[in-house]
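Before any comments, here is the structure.
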Amino acid sequence: MSAVSSKMPKSLRLWIDHFLPLLRPYWEQLTLATSAVVLSGLLSVLRPWPLKVVIDQVLSHKPKHSHLPLLQPWLEHAQFTPWQILYGACAARISIALVSALLTHFSVRLLGNAGQRYVFTLRQNLFAHLQRLSLRFHDSQRTGDLTTRLTGDIQAIRDLISNTVTVFCSDGLQLIGMLVLMLWLDWRLTLVALSIIPLLVFAVFRHTIRLKEAARRARKSTGLMAALAQ
């Protein structure tokens with residue numbers, strides 16, 4: 001374990017050692033919220049399918065094979081009229097949207113609650129740590145800079161738990177699901193669409209470095225401005 005931890009980046013080791021243990025009291029809420037995010041991401045992949053069934057089975061002059069997973073054999077053997085297919089597709093679309101919205105609301109509430117409690121505990125620990133530091137440390141530090149770190153940086157951690165995790169999991173699952181469906185429907189067209197990914201990765205990586213540097217400069221400037229105002 002020590003050999004593995006020694007190979008980790010320093011920032012990641014600090015996060016695991018100091019911040020991750022504070023999340024243990026909220027693991028049940030985080031697990032439920034993550035499960036809701038996973039289900040919502042899977043449902044988001046199913047949103048276009050009712051419209052596809054309508055286009056293939058109702059609007060088309062000659063009904064086509066819809067490539068509908070699991071339900072395609074039942075849909076082909078059942079004798080449905082175009083109006084019945086249209087009503088069923090509308091009901092499926094509304095049901096998917098409602099269930100996805102409920103799951104998103106449930107996950108946001110759980111993550112928001114866990115994030116608030118986590119930030120409260122973190123601020124308590126950080127304030128207690130500042131109280132234990134020597135007077136020499138406080139004389140050498142700017143009060144405005146410390147105040148900014150107590151408020152702004154911890155708020156950024158709360159946003160990471162409450163918002164970033166939800167967006168990352170939901171969008172990641174949706175991307176994976178769409179990729180699997182695209183490969184299943186037409187793998188040649190999918191490979192053509194994925195051919196621009198190396199350019200996107202290069203552009204994102206290049207701009208990410210610049211954004212990190214700009215964020216560090218902005219944080220330092222904010223602390224300096226708070227110190228001057230104080």
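Within region 69-116, if we keep just the residues that are at pLDDT 85 or above and aromatic (F, W, Y), the residue that is surrounded by the fewest Cβ atoms within 10 Å (Cβ to Cβ) turns out to be Y87. When each of I154, I196 is tested for being out of contact with any Lys or Arg (no Cβ under 8 Å at 6 or more places or on another chain) and either over 14 Å from L30 (Cα atoms) or of a type in the set (V, I, T) (or both), the lone residue that passes is I196. Restricting the first member to region 134-160 and to residues that are loosely packed, with under 14 Cβ neighbours inside 10 Å, and the second to residues that are of a type in the set (G, A, S), the beta-carbon pairs closer than 7 Å and six or more apart or on different chains are T143/A227.
With respect to the stated conditions, T164 is under 20 Å from R117 (Cα atoms), assigned to a helix (DSSP H, G or I) and free of Cβ contacts under 8 Å to residues at least 12 places away in the same chain. Of note, Q131 does not satisfy the criterion of being within 30 Å of L20 (Cβ to Cβ) and surrounded by 11 or more Cβ atoms within 10 Å (Cβ to Cβ). Might you let me know whether region 52-61 holds any residue that is farther than 30 Å from R158 by Cα, among the basic types (K, R) and either modelled with pLDDT under 75 or crowded, with 17+ Cβ neighbours inside 10 Å (or both)? Scanning region 52-61, I find no residue that is farther than 30 Å from R158 by Cα, among the basic types (K, R) and either modelled with pLDDT under 75 or crowded, with 17+ Cβ neighbours inside 10 Å (or both), so the answer is no.
The values are calculated or read from the model by the stated rules, or taken from the named source; none is laboratory data. Quick caveat, the model's predicted, so the values are computed rather than measured. Neighbour counts run over all protein chains shown; Cβ positions are idealised from the backbone, glycine included.
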